[in-house]
Amino acid sequence: MKRILSFMLAALLLAGCAGPGGGVSENKTASPGAEGGTVPAKMNYVLSEPIYPEFPKEPQMPVEGSEGEWKAYSEAYEKYINALHAIRGENSGLTDRQKATLNIFAAKSTPLAIASHGGENVVYSPLSLWSALAMLAQCASGDSRRQALDALGAEDVYELQEGASRVWRTLYTDDGQSSLILSNSIWLNGNLRGTYVQETLDVLAEQYYSSAYSVPMGTDAADSAVTEWVSKQTNDLIGSGTPVVKTNPETLALLASSLYYKAAWTEEFMADRTQEDTFTAADGQESQVDFMHQTQSGSFLRRENWRAAQLGTSLGRITFVLPDEGISPESLLQNPDFLSELDFSAEHTVYGEVQWSVPKFDVDSSLDLMDALKAMGVTDLTDMDRADLTALTDLDAYLSEAKQLARVKVDEEGVEAAAVTILEIDECCALPPVEPEVCVMDLDRPFLFVIRTQDVPLFIGIVNQV
């Protein structure tokens, strides 16, 4: 997935494109060079697309190289570090406050997002919702913006911009083997009379690395364009089948934030050790599924009602949590401190032998996030009479829909996951030890997992049936 990065939206507007709200582009080609995330040229809807930097490939260390080979490796590695530094920026990495903010948002939003999915498989990406809500806050004003900022844990919109930019630069990875790509876009209705605030569109491009498109909302062409964008950003994990959205003529704008993750295990499961065994679902139904097996030395946690251990990936780790018999994964997430308790550096962490038995799984879900946003205090934006989106448009508008589609695949080679959060903005006229201790992680009943990179929770999922 080759993608690219640009910092000035105005400089990227294609020749022949109408301004936002001004109709469909007459240009016959898509944005030059933006291979990974372009809308096909025949659609002619591109206003701008960011150009992501070419991600460097880490050089391989010589095993028993000559002096010349080691010198070449040293020079190549220095170039690799300089290229990474150019992408990450001078202040690379997330601050402790930024990590804490993202983890608090995950802990607060997760039980709300999955509330109506008890007993089902469910996948939720707190980072995808955080990113989409951050763009919405940028488009809002007054109390509407304040409520969104409070939900996001930001003091003001400038802190939010800096945080969103640093999250993108810190996490962005696309080296041909591993991928972690956060993509944003705004879709404007080319058929509505009204104006959009160019300054806001510029900020979305510069700080949120957002593409911009003008489409005729309420048409199959518009729905197909959004769906194809999602499909390309998620490497076909989402959007390769049915449309991800159904717009209407009153749809003023769509905000979409996708997250794609692909990483290999640091210690790969051997395919010849995969064996069929029984998985007991939340409703008691038994099924025969393929389980992967391996034994590792590592840390694990034992707590009242659950145990947890983690597997390393090329982009972080995935933590598996196995509740005790009779305890549901959903009930664990009701504890606001649960995610912070998954700390393998804390006291009482046990080091020993972890015997893994992990079912291969491919789970997906579709979440309605409107109630979750309201429960987090984002209420004015969902109210036609109180919503203030004047930072985006001079038209009266409100948040009419918030949903997230997510999918996670786990097999012997590693983990592939994707999510997209879509926020729809409508005009207000529209309707609304001596012997090592042993931890047996036999995930043969409902379990929970958390995928993290650099202490940022990317995906949180529950597998109730395989």
Discussion item. Please determine whether any residue of region 182-195 is assigned to a helix (DSSP H, G or I), hydrophobic (A, V, I, L, M, F, W, C) and farther than 18 Å from Glu416 by Cα.
Written reply: no
Discussion item. Residues to consider are Ala115, Ala151, Ala164; find the one that is touching a Gly at 6+ places or on another chain (Cβ under 6 Å) and either assigned to a helix (DSSP H, G or I) or on the phi < 0 side of the Ramachandran plot (or both).
Written reply: Ala151
Worksheet item: Among (1) in a helix (DSSP H, G or I); (2) within 20 Å of the chain's Cα centre (by Cα), which single condition is Leu448 missing?
Response: (1)
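Residue by residue, here is whether (1) part of a strand (DSSP E or B); (2) of a type in the set (A, V, I, L, M); (3) in contact with a Phe, Trp or Tyr (Cβ under 8 Å, 6 or more places away or on another chain) holds:
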{"position": "Arg317", "(1), (2), (3)": "yes, no, no"}
{"position": "Phe320", "(1), (2), (3)": "yes, no, yes"}
{"position": "Ser331", "(1), (2), (3)": "no, no, no"}
{"position": "Asp343", "(1), (2), (3)": "no, no, no"}
{"position": "Val354", "(1), (2), (3)": "yes, yes, yes"}
{"position": "Lys374", "(1), (2), (3)": "no, no, no"}
{"position": "Val378", "(1), (2), (3)": "no, yes, no"}
Item to complete: From Val230, Val244, Val289, grab the single residue that is among the β-branched types (Val, Ile, Thr) and part of a loop (DSSP other than H, G, I, E, B).
Response: Val244
Discussion item. Residue under question is Ser185, and the condition is that it be touching a Pro at 6+ places or on another chain (Cβ under 7 Å) and modelled with pLDDT of 95 or more; does it hold?
Written reply: no
Worksheet item: If a residue has to be surrounded by 18 or more Cβ atoms within 10 Å (Cβ to Cβ) and either touching a strand residue (DSSP E or B) at 6+ places or on another chain (Cβ under 7 Å) or over 22 Å from Val456 (Cβ atoms) (or both) to count, how many in region 334-363 make the cut?
Response: 9
Worksheet item: Of all residues in region 261-318, how many are surrounded by fewer than 13 Cβ atoms within 10 Å (Cβ to Cβ) and hydrophobic (A, V, I, L, M, F, W, C)?
Response: 2
Worksheet entry | Those residues of region 69-125 which are within 30 Å of Lys57 (Cβ to Cβ), out of contact with any strand residue (DSSP E or B) (no Cβ under 6 Å at 6 or more places or on another chain) and of a type in the set (Gly, Ala, Ser), in sequence order | Ala72, Ser74, Ala76, Ala83, Ala86, Gly89, Ser92, Gly93
Worksheet item: Within region 406-435, restricting attention to residues that are over 30 Å from Val363 (Cα atoms) and not in a strand (DSSP E or B), which residue is modelled with the highest pLDDT?
Response: Cys428
Fill in: Count - residues of region 197-226 that are closer than 16 Å to Val46 by Cα, not in a loop (DSSP other than H, G, I, E, B) and not acidic (Asp, Glu)
15
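The values are calculated or read from the model by the stated rules, or taken from the named source; none is laboratory data. Computed from a predicted model, the values in this text were never measured in an experiment. All Cβ positions, even for glycine, are placed from backbone atoms using ideal geometry, and neighbour counts span all protein chains on display.
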